[in-house]
Amino acid sequence: MTAAIFASEAGADVTLIERNDRLGKKLLITGKGRCNVTNNSDINTHIENTPTNPRFMYTALNNFTPQDVMEFFESLGVPLKTERGDRVFPVSDKAGDICGALKRRINRLGVNVITARAEKVISSDDGFTVTANGKELHCNAVILATGGVSYPLTGSTGDGYKFAKSLGHTIIEAKPSLVPVECEEKWIKEAMGLSLRNVSLTVKDGDKEVFFEQGEMLLTHFGVSGPLVLSASSHMKGLGSKKFGMFIDLKPALDFDTLDKRLQSDFSKNINRDFINSLGELLPAKLIPIIVRLSGIDGRCKCNSITREERHKLVSLLKALPLTAKKFRPIDEAIITSGGVNVKEISPKTMESKIVPGLYFAGEIIDVDAYTGGFNLQIAFSTARLAAESAACEW
Ligand SMILES: Cc1cc2nc3c(=O)[nH]c(=O)nc-3n(C[C@H](O)[C@H](O)[C@H](O)COP(=O)(O)OP(=O)(O)OC[C@H]3O[C@@H](n4cnc5c(N)ncnc54)[C@H](O)[C@@H]3O)c2cc1C
């Protein structure tokens with residue numbers, strides 16, 4: 001959509017082919033329906049948050065910066081706000097406003113929108129032939145912006161990889177990124193549906209810490225999900241062929257001693273009650289029987305009989321509830337596809353194929369991916385604008 005807008009603004013006669021009967025299906029579900037449209041930070045921060053092929057992004061990001069993206073949407077009539085972590089959202093908290101603004105601009109520019117699945121892209125000496133719905137379209141340039149293979153119900157089923165491959169490109173194997181994680185522990189099923197807010201998550205590869213952040217996570221029937229886990233997943237390279245330790249600090253605002261004092265106070269308030277009935281103010285109800293079991297303290301023993309040693313063990317558990325990550329969920333549940341068209345075969349200055357002149361790439365189809373925070377949509381917008389402005393020159 002962004003590519004169609006900028007190519008049209010640059011004077012090209014543009015046809016946008018979309019297989020869904022409406023535009024921007026994935027965009028509508030971004031940021032839990034609020035669309036974290038970019039990250040209001042400098043280009044270096046964007047580069048640092050792009051673990052796969054960051055240097056490929058320099059020209060595209062400089063050509064259409066995060067602040068340019070914000071100006072662009074505000075100029076289209078969508079006021080934006082910057083939240084924690086410099087994440088930018090529409091003031092309305094509605095992804096539909098971002099999508100609607102792009103659609104309106106597309107209509108106003110008179111872009112020809114065809115709702116059909118592109119089936120073939122063939123290059124010849126006098127341009128390209130794209131087949132969609134049995135009909136052939138001839139053009140001077142093609143921009144492939146078909147996304148990756150995550151959330152295929154939104155339309156991204158990897159068709160673009162097939163087109164690129166048939167035109168001579170190599171595809172780096174698609175792998176899930178920003179993806180929920182399956183855990184070994186059986187108890188996790190009992191806590192299914194529990195959302196943990198204001199916790200911190202540490203991930204370790206053996207003894208080496210590979211991730212630490214505070215935020216929100218979700219316990220599910222298979223393991224863990226939610227913002228903290230999706231971010232952590234990008235740092236768990238090789239999960240599946242090896243395991244990672246995950247440790248949830250349920251009370252990150254309290255250090256060991258403060259939490260110990262808090263427990264002493266809770267126990268003295270509940271001096272003659274059973275241990276299992278004394279944790280109601282500290283923990284969500286679903287977690288209490290699990291924590292009691294993992295603590296090794298008999299839930300039916302009276303609070304006044306708990307020893308200092310047992311209490312310290314409990315504090316350690318609350319500060320580092322252990323989980324064992326065994327594998328990622330399948331790629332269709334991933335927020336982002338890592339992999340795609342090899343960046344070595346694309347000019348970073350124009351997004352043009354180095355193999356087929358006149359062929360361009362934009363967005364998630366390219367082997368570039370970033371962490372959560374609005375960085376992935378920025379990649380899509382920046383590469384789209386650069387591809388569009390370069391492709392329009394073919395016109
Ligand atoms: C649940 C979820 C939440 C997300 N939240 C955020 C967020 O808040 N912030 C952020 O920065 N990123 C977010 N992302 C990532 C972001 O959505 C993607 O990086 C971005 O949409 C990629 O844009 P794209 O245009 O390259 O691909 P897509 O958005 O996948 O668009 C590709 C389009 O091509 C169409 N298409 C594919 N094949 C064909 C064909 N053969 N013929 C015709 N049309 C075809 C598809 O139907 C689709 O509409 C989220 C992703 C998911 C799944």
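The values are calculated or read from the model by the stated rules, or taken from the named source; none is laboratory data. These numbers were taken from a predicted model, which means no experiment stands behind them. When we count neighbours, we look across all protein chains shown, and the Cβ atoms used for this are built from the backbone with ideal geometry, even at glycine. Calculation scope for accessible area: heavy atoms of the full protein, side chains included, ligands and nucleic acids excluded. Shrake-Rupley method; radii C 1.70, N 1.55, O 1.52, S 1.80 Å.
Restricting attention to segment 123-152, the residues being in contact (Cβ under 8 Å) with a residue 24 or more places away in the chain and within 13 Å of the ligand (Cβ to nearest atom) number 14.
Within segment 56-93, being closer than 16 Å to residue 30 by Cβ, in a helix (DSSP H, G or I) and touching a residue at least 40 places away in the same chain (Cβ under 8 Å) holds for 66, 69, 85. Filtered by the rule that a residue be crowded, with 18+ Cβ neighbours inside 10 Å and more than 16 Å from residue 223 (Cβ to Cβ), segment 318-330 gives 318, 319. Taking the listed residues 120, 81, the one that is assigned by TED's automatic domain parsing to the domain that holds residue 341, within 12 Å of the ligand (Cβ to nearest atom), surrounded by fewer than 16 Cβ atoms within 10 Å (Cβ to Cβ) and of a type in the set (Lys, Arg) is 120, with no other qualifying.
Of the residues that make up segment 230-253, is at least one part of a strand (DSSP E or B), of a type in the set (Lys, Arg) and touching a residue at least 12 places away in the same chain (Cβ under 8 Å)? Yes; the residues of segment 230-253 include at least one that is part of a strand (DSSP E or B), of a type in the set (Lys, Arg) and touching a residue at least 12 places away in the same chain (Cβ under 8 Å). One residue alone among 188, 288 is in contact (Cβ under 8 Å) with a residue 60 or more places away in the chain, not charged (D, E, K, R) and not assigned by TED's automatic domain parsing to the domain that holds residue 338, and that residue is 188.
Among residues of segment 27-40 that are over 18 Å from residue 155 (Cα atoms), those with a Cβ under 6 angstrom from a residue that is within 6 Å of the ligand (Cβ to nearest atom) and open to solvent by 20 Å² or more (accessible area, probe 1.4 Å), sequence gap 6+ or separate chain, pair up as 37/377.
Quick check, is residue 19 within 14 Å of the ligand (Cβ to nearest atom), under 30 Å from residue 132 (Cα atoms) and open to solvent by 50 Å² or more (accessible area, probe 1.4 Å)? Yes, satisfied.
Has segment 94-107 got any residue that is part of a helix (DSSP H, G or I), open to solvent by less than 30 Å² (accessible area, probe 1.4 Å), free of Cβ contacts under 8 Å to residues at least 24 places away in the same chain and more than 30 Å from residue 293 (Cβ to Cβ)? Working first, answer last.
In the first step, residues of segment 94-107 are kept if they are part of a helix (DSSP H, G or I); the result is 95-107.
Still in the list and also open to solvent by less than 30 Å² (accessible area, probe 1.4 Å): 95, 98-102, 106.
Those left that are additionally free of Cβ contacts under 8 Å to residues at least 24 places away in the same chain: 100.
Still in the list and also more than 30 Å from residue 293 (Cβ to Cβ): 100.
Checked against the condition, which is being part of a helix (DSSP H, G or I), open to solvent by less than 30 Å² (accessible area, probe 1.4 Å), free of Cβ contacts under 8 Å to residues at least 24 places away in the same chain and more than 30 Å from residue 293 (Cβ to Cβ), segment 94-107 yields at least one hit.
The number of residues in segment 31-45 that are within 11 Å of the ligand (Cβ to nearest atom) and either open to solvent by 30 Å² or more (accessible area, probe 1.4 Å) or not polar (S, T, N, Q) (or both) comes to 6.
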